[in-house]
Amino acid sequence: MELDEQLIKMGKLCSIYEKQFLQFSDIVPYVDNDWTLTKSPLLASILLGIGPQIEAMTKIIFNALGFTTEKNKPGFWDYYPELNQKRMFTSHSVILKNSAYQGYKILHPFNELGSNTDNVMWWEAYNKLKHSLPEGLEYGSLQNTIHGLAALSSLLHIAYEIKLNLTKERDFILDSKNWHITNLGVFEGRNEWPPVQNPLHKILDWKSELFFFDNVLTLRV
């Protein structure tokens, strides 16, 4: 399957879970409730649903950059070290729309470490939830779900940026120094920041309903 088709299909899946989360937020607003204490079986269901998508997106990025997929590497945390060797992931941020923090909140989903510092919080929660039902439902919190959705949307955005820059060397793409932050500080005081315009987002018919993106692989003028 071509990269364009993969991104179209994965974008549609991501949108389904973002819509489910927003429907939940209509009843239990994420801007008014404690992210750590607010838990729900519905949030747990969303977290369980996005886990395989995160694994799939990581594999898509891994293959798009020309790495060789090994049979004993099934998912996200197996691909992560090579993809983050120059901090492409840990330097990445997203802007949560309409939050209680002056209209925005910047999240770094790949920097949120769990109790095991060799793993990220939301991925650790996803695995504990998956392997310990029904007790694991306690991991279905706003905190874990929002950061998990932020990670998934980040991976989609990163994949779009890579699609635009496939002619560049892999080391260039992996290097966080080549991922530029745009708009930062320019729109302070407004309720929302306008999203970075990646032409492929429109062409491939995907737009996050929860997040804006302020990282681009090459600086646009």
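The values are calculated or read from the model by the stated rules, or taken from the named source; none is laboratory data. Since the model is a prediction, treat every value here as computed from it, not as a measurement. Cβ placement follows ideal geometry from the backbone for every residue including glycine, while neighbour counts extend to all protein chains displayed. Side chains are part of the model used for accessible areas, which takes the heavy atoms of the whole protein and leaves out ligands, DNA and RNA. Shrake-Rupley method; radii C 1.70, N 1.55, O 1.52, S 1.80 Å.
The requirement of being outside any strand (DSSP E or B), touching a helix residue (DSSP H, G or I) at 6+ places or on another chain (Cβ under 7 Å) and either open to solvent by 50 Å² or more (accessible area, probe 1.4 Å) or modelled with pLDDT under 90 (or both) is not satisfied by N72.
So is E188 at pLDDT 75 or above, open to solvent by 90 Å² or more (accessible area, probe 1.4 Å) and of a type outside the set (S, T, Y) or not?
Values: at pLDDT 75 or above: no; open to solvent by 90 Å² or more (accessible area, probe 1.4 Å): yes; of a type outside the set (S, T, Y): yes.
In short, no.
Filtered by the rule that a residue be in a helix (DSSP H, G or I) and buried (at least 18 other Cβ atoms within 10 Å of the Cβ), the stretch 26-47 gives L43, A44, I46, L47.
Check whether at least one residue in the stretch 10-22 is surrounded by 18 or more Cβ atoms within 10 Å (Cβ to Cβ) and outside any helix (DSSP H, G or I), and report yes or no. No, the stretch 10-22 has no match at all. Each residue in the stretch 90-145 was checked for being outside any helix (DSSP H, G or I) and either modelled with pLDDT under 85 or of a type in the set (A, V, I, L, M, F, W, C) (or both), and 25 of them qualify.
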